[in-house]
Amino acid sequence: MIRLFCAAMLACMMVVCPAQAEIEKIPLEAKGGTPPVEACFLSDTVYEDESMRVEIEEHQVDATRCVVARVKIADPSQLRSAPAFSFTRQQTEMTKKIARKVNAVLAINGDYYSYGNKGYMVRQGELYRDKPYGDRDVLLIDENGDFYIVPKATHETLAPYKDMPIVNTFNFGPGLVIDGVVLTGYPREFNAGDTKSQRSCIAQVKRGELEYVLVSAEGPMESKGGGMTMDEFAAFVATLGVENAYNLDGGNSASMIFHDKKQNAVKNQHERLISDIIYFASAVKPQ
């Protein structure tokens, strides 16, 4: 009986969210973070361990439901990107499955890099493409987890950043908020900027701080009159208190995953196959 009791107590101790656990940097080349502890999902909308906190909010903007995730991390290496299979392949997978493979606590669709072969593409510190074409805003994330957005990036405008320790770049765009300035007047060719649609973005609250906001706005398929133009989306994202915000792939590609569940467009669980995700992982050292 004593042995059974001790075994039961040990099993309980193993699933408790670790307190004062050791945190270790996740190597760039690692396939993912530490598997999240189930007990650290404190509710359907909150995850917290010693290395990070995620909180999901729901906002209603006119007829559009918007899912907002606020994230705080202890180390910049917890902000990562991952491909469906490999950054050198033109393969796709569902967001949820990619997130599961890398132990993501929170994930959002990336920029669908395999859709074309242009742009300035760095992923997990490795350069894959250096073909900026001048009509796309590029998001650069450095080893400190800081965001820099270069409008309509060219070789010349990207040059000052190439000596920086850039970890990830994205080429979908456009920028929504750049250095605290909210952008407006998006033309149609900027990812159907004048059309009400599902939208997706990632933002940093303030450069130098490891706080981020992810947003997924639902579209007309989810609610009558729903969806946002790019101007409307940028205006809403700016109200969330961010310094730099960047639009990601939208439409049916827009997908936010938390606790292995799709948080946006819950009435439409269809997931478009995509090539890559941006995700946040735990950095708690495995016990």
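The values are calculated or read from the model by the stated rules, or taken from the named source; none is laboratory data. Every value quoted in this text rests on a predicted model; they were computed, and no experiment measured them. Neighbour counts are summed over all protein chains in view; Cβ atoms, including those assigned to glycine, are modelled from backbone coordinates with ideal geometry.
Quick notes on this structure:
- Across the range 277-287, the qualifying residues are those that are modelled with pLDDT of 95 or more and not hydroxyl-bearing (Ser, Thr, Tyr), and the one among them that is farthest from the chain's Cα centre (by Cα) is Val284.
- Lone unmet requirement of (1) in contact with a Ser or Thr (Cβ under 7 Å, 6 or more places away or on another chain); (2) farther than 22 Å from Gln124 by Cβ; (3) surrounded by fewer than 17 Cβ atoms within 10 Å (Cβ to Cβ) for Lys261: (1)
- Residues that are charged (D, E, K, R) and either assigned to a strand (DSSP E or B) or at positive phi (or both) within the range 149-205 comprise Lys152, Asp179, Arg199, listed in sequence order.
- In the range 12-45, the qualifying residues are those that are closer than 17 Å to Gln78 by Cα and among the aliphatic types (A, V, I, L, M), and the one that is modelled with the lowest pLDDT is Ala21.
For every residue, the table says whether it meets (1) in contact (Cβ under 8 Å) with a residue 40 or more places away in the chain; (2) at positive phi; (3) touching a Gly at 6+ places or on another chain (Cβ under 8 Å).
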{"site": "Val61", "(1), (2), (3)": "yes, no, no"}
{"site": "Val67", "(1), (2), (3)": "yes, no, no"}
{"site": "Arg89", "(1), (2), (3)": "no, no, no"}
{"site": "Arg100", "(1), (2), (3)": "yes, no, no"}
{"site": "Ala107", "(1), (2), (3)": "yes, no, no"}
{"site": "Tyr113", "(1), (2), (3)": "yes, no, yes"}
{"site": "Met121", "(1), (2), (3)": "yes, no, no"}
{"site": "Gly125", "(1), (2), (3)": "yes, yes, no"}
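- Residue match in the range 216-228 (condition: part of a helix (DSSP H, G or I) and over 23 Å from Ala82 (Cβ atoms)): no
- Of residues in the range 119-133 being in contact with a His (Cβ under 9 Å, 6 or more places away or on another chain) and surrounded by 15 or more Cβ atoms within 10 Å (Cβ to Cβ), the one modelled with the lowest pLDDT: Pro132
- Selection from the range 179-232 of residues that are crowded, with 18+ Cβ neighbours inside 10 Å, under 19 Å from Asp135 (Cα atoms) and either modelled with pLDDT under 90 or not aliphatic (A, V, I, L, M) (or both): Tyr186, Asn191, Gly193, Cys201
- Hey, Thr95 buried (at least 19 other Cβ atoms within 10 Å of the Cβ) and modelled with pLDDT under 95 or not: yes
- Answer residue from the range 51-66, given it is crowded, with 17+ Cβ neighbours inside 10 Å and among the β-branched types (Val, Ile, Thr) and is modelled with the lowest pLDDT among those: Thr64
- Exactly one residue out of Leu140, Leu106 is in contact with a strand residue (DSSP E or B) (Cβ under 8 Å, 6 or more places away or on another chain), surrounded by 19 or more Cβ atoms within 10 Å (Cβ to Cβ) and over 20 Å from Arg207 (Cα atoms): that is Leu106.
- Odd one out for Arg100, checked against (1) buried (at least 16 other Cβ atoms within 10 Å of the Cβ); (2) modelled with pLDDT of 95 or more; (3) under 26 Å from Ala265 (Cβ atoms); (4) charged (D, E, K, R): (1)
- In the range 204-223, the residues that are without any contact (Cβ under 8 Å) to a residue 40 or more places away in the chain reach residues that are assigned to a loop (DSSP other than H, G, I, E, B) and of a type in the set (S, T, N, Q) with C-beta atoms within less than 9 angstrom, at least six apart or across chains, in these pairs: Pro220/Gln198.
- Phe233 vs. criteria aromatic (Phe, Trp, Tyr) and either in a loop (DSSP other than H, G, I, E, B) or in contact with a helix residue (DSSP H, G or I) (Cβ under 6 Å, 6 or more places away or on another chain) (or both): no
- Test: residue in the range 67-89 that is surrounded by fewer than 19 Cβ atoms within 10 Å (Cβ to Cβ), among the polar types (S, T, N, Q) and within 24 Å of Thr239 (Cα to Cα): no
- Test: Ala153 is of a type in the set (Gly, Ala, Ser), farther than 22 Å from Ile26 by Cα, at pLDDT 95 or above and surrounded by 19 or more Cβ atoms within 10 Å (Cβ to Cβ): yes
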